[in-house]
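Asks: Structure provided below as structure tokens; questions to follow.
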Amino acid sequence: MSAPIKLPPLPNKVIEAFNEIKTYEPVIDGLKKAKEEQEHTLKEQVELTEIESAPFHEENRAKAYAAKLTELGLPNVRIDKEGNVVGVRAGTGNGPRLALCAHLDTVFPMGTDVKVRREGNMFYAPGISDDARGLAVVLEVLRLLNQEKIETVGDIVFLASVGEEGNGDLRGTKYFFKSNEEPVDGFISIDGAPVDRILHGSTGSRRFRVTYEGPGGHSWSAFGNPSANHALGRAIAMIADVKVPEEPRTSFTVGVVEGGTTVNAIAAKATMEIDTRSVSNDELNKLVDQILPLLQKAADDENARWNAPADKQVKVIIEPIGHRPAGDQPDTSPVLLAARAAMDVLMLPLKRYSAASTDQNVALSLGIPATTLGGGGTEGNNHNLTEWFNAEDSYQGPQLALLTVLGLVGIKGRSEPLLPKRS
């Protein structure tokens, strides 16, 4: 059994704000409707899942999502230059701006069968949870706000991002923040299912594709030529011996290896992909600074082993293929306090308080308060063709998101925003 999570108590200001929010009749009705509308939210989740949204091909789902936001009354919904869907629900004026985000992309290539199969509360399909659930929850939050005519003090920027997964490398949120078309003071991502988890920090990563190229040749007649495969193997062995700190948590792996053409040939080309991660940007960069020189040393050692002349040497090509910035924030960050207070209102236990890699990475790296909340229900086999989603009590996801958002942006005449405006 894991040890209880020890966090400082919620400040009186936060408790008082949520006392006002949870006793406000439109909020009480909204929480009730979230439960009553669980089937409707699931219907939209299924509809979105069945629109293919492969890496770098999110446009069809983006158009459908923009249409849904518009149907719910969100004005001036647009698809930006990177492919993100963006719309703003204005507050009453002079309040903070909060982004509520879910991502459009999946990890599955075009042509994947995304038809959803339902068996009671169980739903099966690639992408059914990650992140069709998040997209459906964001829609439900907007629906509840409008149905209950809740006027917020601050603005809510509704965002459906592209490129959150894999080699998408957070391109959607990177563009969102770099363009500054919709500046925000806080950021919430809805990603994953569990409502007993809050992310306080972001795991950063730097990824590289490393290619060794050499003369190749027949394994018998050209024996003595350096081998791209052998150079790659030397590099992997040296990488495997790299030491990293336990705290802040830091990791690395060689995730993909390809090389050679046949059993009786000296490999002319070999490639690997390296993933490095840390919750600290400093440690992440230190790790990369350790690994990169080893890649050249592996080529040098292979060439020296065979005393290879210049025209027969193995060479190394290093290509960066991903950079997700790390970030963290104090436990007193307003988004973390609001999420905890919302969980208390809903009597949801906090079982995991951790760091991961989501769209929140970009915000946190810029010093913008951010977290990731679950969309409700339970999930399994994510990033796999056998992905599943269990909808039991999944209404808790929209409830948690709604309360957290309201705590941060405030309710006109009821509660002041907990999210400060950035200078």
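The values are calculated or read from the model by the stated rules, or taken from the named source; none is laboratory data. For clarity, every value in this text was computed on a predicted model and none was experimentally measured. So basically every Cβ, Gly included, is an ideal-geometry build from the backbone, and we count neighbours across all protein chains shown. Just the protein is used for accessible areas: all its heavy atoms, side chains included, with ligands, DNA and RNA removed. Shrake-Rupley method; radii C 1.70, N 1.55, O 1.52, S 1.80 Å.
Asks: Farthest toward the dipole's positive end in region 346-423, which of Gly374, Gln396, Gly407, given Cβ charges of +1 (Lys, Arg) and -1 (Asp, Glu) about the Cα centre?
Replies: Gly407
Asks: Taking just the alpha carbons, could you work out the radius of gyration and Dmax for region 262-364, both in angstroms?
Replies: Using the Cα atoms of region 262-364, the pair Rg, Dmax is 22.7, 72 Å.
Asks: Right, another one. Given region 214-355, what percent of its DSSP beta bridges are antiparallel, to the nearest 5? Don't jump to the answer; show the numbers that get you there.
Replies: On the way: 11 of 12 bridges.
The antiparallel fraction comes to roughly 90 percent.
Asks: Okay, moving on. Pairing the Cα long axis of helix 228-240 with the longest principal axis of the chain, what angle in degrees results, from 0 to 90 and rounded to the nearest 10?
Replies: 50 degrees
Asks: How far apart, in nanometres, would the label points at Asp311 and Ile15 be if each is projected 7 angstrom from Cα along the Cα-to-Cβ direction?
Replies: 8.2 nm
Asks: In 5 Å bins starting at 0, how do the alpha-carbon pair distances of region 158-207 split up by percent?
Replies: For region 158-207, the binned pair fractions read 4, 13, 26, 26, 21, 8, 1 percent.
Asks: If you don't mind, another one. Can you tell me what share of the DSSP beta bridges in the chain is antiparallel? A percent to the nearest 5 is fine. It would help to have the intermediate numbers written out before the result.
Replies: On the way: 50 of 71 bridges.
Of those bridges, close to 70 percent are antiparallel.
Asks: Could I ask something else about it? Measuring with a 1.4 Å probe in the full set of protein chains, what accessible area per residue, in whole Å², belongs to the chain? Mind showing how you got there, number by number?
Replies: Values: 18430 Å² over 423 residues.
Counting only protein heavy atoms, the per-residue value for the chain is 44 Å².
Asks: Something else: When the accessible area of the chain is split by element with a 1.4 Å probe, what percent falls to carbon and sulfur?
Replies: Details: 9470 of 18430 Å².
Whole-percent figure for carbon plus sulfur exposure: 51.
Asks: Continuing with this model, one more query. Roughly what angle does helix 132-147 make with the longest principal axis of the chain, taking Cα atoms, 0 to 90 degrees, to the nearest 10?
Replies: 20 degrees
Asks: A further question follows. Which trypsin sites (Lys or Arg not before Pro) in region 1-101 sit in a loop by DSSP (not H, G, I, E or B) and have at most 14 other Cβ atoms within 10 Å of their own Cβ? Show your work: numbers first, answer last.
Replies: Values: sites: Lys6, Lys13, Lys22, Lys32, Lys33, Lys35, Lys43, Arg61, Lys63, Lys68, Arg78, Lys81, Arg89, Arg97; in loops: Lys6, Lys81.
Taking region 1-101 and a limit of 14 other Cβ atoms within 10 Å, the loop trypsin sites (Lys or Arg not before Pro) found are Lys6, Lys81.
Asks: Would you kindly give the portion of the calculated P(r) for the chain that falls above 40 Å, as a percent of all Cα pairs?
Replies: Values: 22722 of 89253 pairs.
The share of Cα pairs beyond 40 Å in the chain comes to 25 percent.
Asks: Might you report the magnitude of the Cβ-based charge dipole of the chain about its Cα centre, with Lys and Arg at +1 and Asp and Glu at -1, to the nearest 20 debye?
Replies: Working: 45 positive and 57 negative charges, 110 e Å.
So the magnitude is around 520 debye.
Asks: Then there is this: Please state, rounded to one decimal and in Å, the Kirkwood hydrodynamic radius that region 79-201 gives when every pair of distinct Cα atoms enters the mean of 1/r.
Replies: On the way: mean 1/r = 0.0632 Å⁻¹.
Final number for the Kirkwood radius of region 79-201 is 15.8 Å.
Asks: In a GNM of the chain with a 10 Å cut-off on Cα contacts, which of Val210, Val279, Val256 has the highest mean-square fluctuation?
Replies: Highest fluctuation of the listed residues: Val256.
Asks: If you don't mind, another one. For region 1-100, which chymotrypsin sites (Phe, Trp or Tyr not before Pro) are in a loop by DSSP, counting at most 16 other Cβ atoms within 10 Å? Please list the in-between numbers first.
Replies: On the way: sites: Phe18, Tyr24, Phe56, Tyr65; in loops: Tyr24, Phe56.
Counting only loop positions with at most 16 other Cβ atoms within 10 Å, the chymotrypsin sites (Phe, Trp or Tyr not before Pro) in region 1-100 are Phe56.
Asks: Using the alpha carbon gyration tensor of region 127-169, what are the three equivalent-ellipsoid semi-axes (square root of 5 times each eigenvalue), largest first, in whole Å?
Replies: Values: eigenvalues 138, 36, 5 Å².
Its equivalent ellipsoid spans semi-axes of 26, 13, 5 Å.
Asks: Starting from the Cα of Ala237, step 7 Å along the direction of its Cβ; do the same at Asn94; then give the gap between the two resulting points in nm.
Replies: Going from the Ala237 label point to the Asn94 one covers 7.0 nm.
Asks: Do any GluC sites (Glu not before Pro) in region 232-309 lie in a DSSP loop with no more than 15 other beta carbon atoms within 10 Å, and if so, which? It would help to have the intermediate numbers written out before the result.
Replies: Values: sites: Glu246, Glu258, Glu273, Glu283, Glu302; in loops: Glu246.
Here the GluC sites (Glu not before Pro) that fit, given the DSSP loop and packing criteria, are Glu246.
Asks: Something else: Any chance you could check the Cα centroid distance between region 334-408 and region 230-295 for me, in angstrom?
Replies: When both Cα centres are located, 33 Å separates them.
Asks: I would also like to ask the following. Tabulate in residue order the Karplus-calculated ³J(HN,Hα) for region 356-365, using 6.51 cos²θ - 1.76 cosθ + 1.60 with θ = phi - 60°, rounded to whole Hz; enter x for Gly and Pro.
Replies: Calculated HN-Hα couplings, in order: 7, 10, 9, 4, 5, 3, 5, 4, 4, 5 Hz.
Asks: Report, in degrees rounded to the nearest 10, the 0 to 90 angle that the Cα long axis of helix 281-305 makes with the longest principal axis of the chain.
Replies: 20 degrees
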